[in-house]
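Colleague: Quick one: structure below, then a few questions.
The values are calculated or read from the model by the stated rules, or taken from the named source; none is laboratory data. Predicted model only: the values in this text are computed from it and were never measured. Cβ placement follows ideal geometry from the backbone for every residue including glycine, while neighbour counts extend to all protein chains displayed. We work out accessible area using only protein heavy atoms, side chains counted, and drop any ligands, DNA or RNA first. Shrake-Rupley method; radii C 1.70, N 1.55, O 1.52, S 1.80 Å.
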Number of protein chains: 2
Amino acid sequence: MSNNKQVIVLGSGLVGSLLSIILTKHGYKVSVYERRLDMRKEAISAGRSINLALSHRGWGGLRIAGIEDEIKKVAIPMHGRVMHAIDGKISYQPYGKEGEYINSVSRGGLNCELMTLAEQHGVEINFNKRAVHVDLKNNIVFFEDESGYKSQASADLIFGSDGAYSAARLQLQLTDRYNYSQSYLEHGYKELTINAGANQTFKLEKNALHIWPRGGYMLIALPNLDGSFTCTLFFPHQGKPSFESLTNKAEVQNFFTSMFPDAVALMPNLVNDFFSNPTGSLITVKCAPWTFENKLMLIGDAAHAIVPFFGQGMNCGFEDCAVLHNLITKHNHQWNLIMAEFEKLRKPAADGIAELAVQNFIEMRDLVGKPEFLLRKKIEAAFSQKFPRLWKPLYSMVTFSDIPYHQALAEGKRQDAIMEKIMALPLIETNWDSDDVINKMHALCIANNDTIVL
Amino acid sequence: MSNNKQVIVLGSGLVGSLLSIILTKHGYKVSVYERRLDMRKEAISAGRSINLALSHRGWGGLRIAGIEDEIKKVAIPMHGRVMHAIDGKISYQPYGKEGEYINSVSRGGLNCELMTLAEQHGVEINFNKRAVHVDLKNNIVFFEDESGYKSQASADLIFGSDGAYSAARLQLQLTDRYNYSQSYLEHGYKELTINAGANQTFKLEKNALHIWPRGGYMLIALPNLDGSFTCTLFFPHQGKPSFESLTNKAEVQNFFTSMFPDAVALMPNLVNDFFSNPTGSLITVKCAPWTFENKLMLIGDAAHAIVPFFGQGMNCGFEDCAVLHNLITKHNHQWNLIMAEFEKLRKPAADGIAELAVQNFIEMRDLVGKPEFLLRKKIEAAFSQKFPRLWKPLYSMVTFSDIPYHQALAEGKRQDAIMEKIMALPLIETNWDSDDVINKMHALCIANNDTIVL
């Protein structure tokens, strides 16, 4: 099959940039159209959050692009969660086994690297081109720039990697029998900053993700290379307390001082940041089909935007790219076969991580602050180390493996049922690492015939 | 409060026309904008199905408009379902108690009546005005006519009664934190015709809704005043058999002859109709909120499009109008209060009927053909007659009462649990009207403390 097709990629975000590199490697002539200005030249917002947690699935995509090592140099390993209780007490939970960790990377920095690499591969990135309409039948995209100037482009294949508010998807939504949903959490988010110490030292443990779990809401912090931490407050839009209820500087200062006392001491610009930084919304998008007549395809957030609580948005999008890369080879550029198998493989996975991500918000904002939860995770980790083929903790399946997300979700539910029985054993707090408990857990695992092979 | 507000109503369909009459009665100056031409002057399609099942909730709306009696004259009572088995065997199930029935009415005829009545009330209906954009902040609607001519209008209040594919709703969907879903069934539909006999006689029982339940699909027929029946085939889009799999005239003729032998004998134009009539899709739409800054409100299908299997689409929309009518009086034209209470009352009801409608498809296409189902309905009817305050069959709650749809749904689930136990009693087929069974059912009802008051 011929691979000298013209390709349009909508969006030069993380997924669009990586995708354009991969398509170029397969011989396609790729033009990217981006609604923003070039973030390498202008001081503009990179979109959503400032830093991201890059993990196993994400590395797979970067490896194909050939910049895994380069990004590793600027990534900060986070080996576990540090929980900050309201009384200042600190607890710690490793993310995985020895040597397993996630990585704090700058969204903007990574995006710039990928764009530059794309251009080095011959990709043409056109900035300030907002897609306002897609003629699906004729594969033409109509653009408008900031001044209102209109232009258009056509190609053999169009990829909608234009994010959670995808213009390509909006066009698909208007076609017959298109299934679509967008749903928002009642929580929003706001980014805040913990400043670096003298000489770019870190004022909190550097190699961890910090969480201040407060039941109905939480503050988190990820380290940056300059010694600062980017904090995100996940907080209800309305109610008490909420973004709506904190209306002046004194209220914000008082609220943080009472709820996050150890953090607020490190946030001298808190109050100004709170009122000058925007409040973001948290959307989940599901849709089907992702393709139109084997000529257009959604990928990344455009196909499956999720909430950020499992740190998998980018990782899932990069896994999309890696899967597509393999399918292009497998089906030798036959896009009818590639698109059909891509959606068949990725749609259930995307639905799975969407559910896991919402579920993990409750874990992060509430459960991680509770002793029973930490005990449960300790039991799981110990059992998993002893019987790695019988038990891989859910967090590890999602973060440190290639197990399809929906299989991880199903396996997680099976584990929940078993752990409920284990946690109900008498004196579990003291006996948790006894042979009795381990044998009981082993028996429960074996009793279940549909154990997945890990 | 002042009620001399200018109002725009988008869509002159059933709900838009009724709504415009009601708003005029409350003193508002109403302009309706309709994308189609005037169906009273042009031979155009009235939209979806040709006839509709009008029932209790629908009459409530028409009563407010003052045309209940007039419509009653042209409505055909349908007292029950006639089921046609594949071997030609006929069975019958009454819809309710003596004197309870639904009504076959012409969608086009009813719509024309409502439009004419609206104009008599001083409503201005502007045809051939397709809403292409709504400026939500400034309450301006932009229109385009068939020739591409552009115009605009503004008002104090805008109502989006523009149906399942509402332009007003599409605009709302693009605002922040808008929850929206559209989902399609795997079945589509096609309208077909059973011709009238000589002198407009009916070739099937006139006062019934006819169903040919075939498990995975079904044919239904509703009577028209001229002696004909409008049939609708609800059938999978894809698979075997499906709209896709029947590709030529012989296949259609053979399929109908083997599956609907008694119907096909009455359908001389079957094959031509099958290929010339369009195949429709079956959409469910859910969204929230229905309002924007107390200036714009969705109503009817625009707010909550449902599948047609409970015959409640129009009835639910007319109930919307009746509820709004009461709230305008209750809150004395204070639209912040009216809109808030309208959505609070109607959103759960709309979600309820959406679920009931999907659920009833399985009942119609499959269960009504089964003896156990008919027995169950017979037991319910007998018990309900004896203890009307303890039991009102689900169909009756939905069709012959004002019980909010979501309460009917909840009560239906409670009844299901009880009937499962009753149907499992030994020899229920013969003992179904014994005192033992009645006492058992009574005990089960009483045992349940959360019985709703009927």
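Colleague: Listed residues A:Ala168, A:Ala118, A:Ala164, A:Ala131; which is assigned to a strand (DSSP E or B), among the hydrophobic types (A, V, I, L, M, F, W, C) and buried (at least 18 other Cβ atoms within 10 Å of the Cβ)?
Modeller: Result: A:Ala131 is the single residue among A:Ala168, A:Ala118, A:Ala164, A:Ala131 that is assigned to a strand (DSSP E or B), among the hydrophobic types (A, V, I, L, M, F, W, C) and buried (at least 18 other Cβ atoms within 10 Å of the Cβ).
Colleague: In addition: Give the residue, chosen from A:Ser242, A:Ser183, that is assigned to a strand (DSSP E or B), surrounded by fewer than 20 Cβ atoms within 10 Å (Cβ to Cβ) and within 14 Å of another protein chain (Cβ to nearest Cβ). Outline the logic, then answer.
Modeller: On the way: A:Ser242 fails: assigned to a strand (DSSP E or B).
Result of the check over A:Ser242, A:Ser183: A:Ser183.
Colleague: Looking at the stretch A:245-255, can you tell me whether even one residue there is more than 14 Å from chain B (Cβ to nearest Cβ), part of a helix (DSSP H, G or I) and polar (S, T, N, Q)?
Modeller: The answer is yes; a qualifying residue exists.
Colleague: Any residue that is over 30 Å from A:Ile283 (Cα atoms), polar (S, T, N, Q) and buried (at least 18 other Cβ atoms within 10 Å of the Cβ) - is there at least one of those in the stretch A:378-395?
Modeller: The first filter runs over the stretch A:378-395 and keeps only residues over 30 Å from A:Ile283 (Cα atoms), leaving A:378-391.
Restricting the remaining residues to those that are polar (S, T, N, Q) gives A:384-385.
Next cut, buried (at least 18 other Cβ atoms within 10 Å of the Cβ) only: A:384.
For the stretch A:378-395, residues over 30 Å from A:Ile283 (Cα atoms), polar (S, T, N, Q) and buried (at least 18 other Cβ atoms within 10 Å of the Cβ): present.
Colleague: Name the single residue that is farthest from A:Lys347 (Cα to Cα) among those in the stretch A:139-161 being among the aromatic types (Phe, Trp, Tyr) and either open to solvent by 30 Å² or more (accessible area, probe 1.4 Å) or within 12 Å of another protein chain (Cβ to nearest Cβ) (or both). I'd like the intermediate steps shown before the answer.
Modeller: We begin by selecting, within the stretch A:139-161, every residue among the aromatic types (Phe, Trp, Tyr); these are A:142-143, A:149, A:159.
Adding the requirement that they be either open to solvent by 30 Å² or more (accessible area, probe 1.4 Å) or within 12 Å of another protein chain (Cβ to nearest Cβ) (or both) leaves A:142, A:149.
Numbers: A:Phe142: 28, A:Tyr149: 36 Å.
It comes out as A:Tyr149.
Colleague: Working only within the stretch A:258-277, note down all residues that are in a loop (DSSP other than H, G, I, E, B), open to solvent by 70 Å² or more (accessible area, probe 1.4 Å) and touching a residue at least 24 places away in the same chain (Cβ under 8 Å). Spell out the reasoning first.
Modeller: Residues of the stretch A:258-277 in a loop (DSSP other than H, G, I, E, B): A:260, A:265-269, A:277.
Okay, now just the ones that are also open to solvent by 70 Å² or more (accessible area, probe 1.4 Å), so A:265, A:268-269.
Once the filter is applied, which keeps residues that are in a loop (DSSP other than H, G, I, E, B), open to solvent by 70 Å² or more (accessible area, probe 1.4 Å) and touching a residue at least 24 places away in the same chain (Cβ under 8 Å), the stretch A:258-277 yields A:Pro268, A:Asn269.
Colleague: Which of the following residues is touching an Asp or Glu at 6+ places or on another chain (Cβ under 9 Å) and closer than 28 Å to A:His304 by Cα: A:Pro261, A:Pro223?
Modeller: The conditions single out A:Pro223.
Colleague: Sort out which residues of the stretch A:345-363 are out of contact with any Lys or Arg (no Cβ under 8 Å at 6 or more places or on another chain) and of a type outside the set (D, E, K, R), and write them in order of number.
Modeller: Our first condition is that a residue be out of contact with any Lys or Arg (no Cβ under 8 Å at 6 or more places or on another chain); within the stretch A:345-363, this holds for A:345-349, A:352-353, A:355-363.
Within the stretch A:345-363, A:Leu345, A:Pro348, A:Ala349, A:Gly352, A:Ile353, A:Leu356, A:Ala357, A:Val358, A:Gln359, A:Asn360, A:Phe361, A:Ile362 meet the criteria.
Colleague: Do we have A:Ile362 as open to solvent by 50 Å² or more (accessible area, probe 1.4 Å), in a helix (DSSP H, G or I) and of a type in the set (A, V, I, L, M) here?
Modeller: yes
Colleague: Test A:Glu191 against the stated conditions and say whether it is part of a loop (DSSP other than H, G, I, E, B), in contact (Cβ under 8 Å) with a residue 40 or more places away in the chain and within 30 Å of A:Gly80 (Cβ to Cβ).
Modeller: no
Colleague: Quick check on the stretch B:209-217. Is at least one of its residues more than 14 Å from chain A (Cβ to nearest Cβ), open to solvent by less than 30 Å² (accessible area, probe 1.4 Å) and under 22 Å from B:Ala305 (Cα atoms)?
Modeller: Going through the stretch B:209-217, the residues more than 14 Å from chain A (Cβ to nearest Cβ) turn out to be B:209-217.
Of the ones still in play, those that are also open to solvent by less than 30 Å² (accessible area, probe 1.4 Å) are B:209-213, B:215, B:217.
Now narrow it down to the ones that are under 22 Å from B:Ala305 (Cα atoms): B:217.
Yes: one or more hits.
Colleague: Look at the stretch A:162-173 and say how many of its residues are within 14 Å of chain B (Cβ to nearest Cβ) and over 29 Å from A:Tyr217 (Cα atoms).
Modeller: Total meeting the criteria: 6.
Colleague: Within the stretch B:189-202, identify whether any single residue is more than 30 Å from B:Glu98 (Cβ to Cβ) and in contact with a Gly (Cβ under 6 Å, 6 or more places away or on another chain), and answer yes or no.
Modeller: yes
Colleague: So B:Ala221 clears everything in (1) small (Gly, Ala, Ser); (2) more than 30 Å from B:Leu298 (Cα to Cα); (3) within 14 Å of chain A (Cβ to nearest Cβ) except one condition, right? Which one?
Modeller: (3)
Colleague: Another one. Can you tell me how many residues in the stretch B:256-290 are under 21 Å from B:Asn179 (Cβ atoms), in contact with a helix residue (DSSP H, G or I) (Cβ under 8 Å, 6 or more places away or on another chain) and of a type in the set (A, V, I, L, M)?
Modeller: Counting residues in the stretch B:256-290 that are under 21 Å from B:Asn179 (Cβ atoms), in contact with a helix residue (DSSP H, G or I) (Cβ under 8 Å, 6 or more places away or on another chain) and of a type in the set (A, V, I, L, M) gives 2.
Colleague: A follow-up question, please. Answer with yes or no whether A:Asp176 is of a type in the set (Asp, Glu), within 14 Å of another protein chain (Cβ to nearest Cβ), open to solvent by 30 Å² or more (accessible area, probe 1.4 Å) and not in a strand (DSSP E or B).
Modeller: So A:Asp176 fits the description; yes.
Colleague: OK, next. Just a yes or no: is a residue in the stretch B:10-29 in a strand (DSSP E or B) and either among the β-branched types (Val, Ile, Thr) or closer than 30 Å to B:Gln385 by Cβ (or both)?
Modeller: Taking every residue of the stretch B:10-29 in turn, none turns out to be in a strand (DSSP E or B) and either among the β-branched types (Val, Ile, Thr) or closer than 30 Å to B:Gln385 by Cβ (or both).
Colleague: What residue, of A:Thr230, A:Thr193, is open to solvent by less than 30 Å² (accessible area, probe 1.4 Å), away from every other protein chain (no Cβ under 14 Å) and under 21 Å from A:Phe256 (Cα atoms)?
Modeller: Among A:Thr230, A:Thr193, only A:Thr230 is open to solvent by less than 30 Å² (accessible area, probe 1.4 Å), away from every other protein chain (no Cβ under 14 Å) and under 21 Å from A:Phe256 (Cα atoms).
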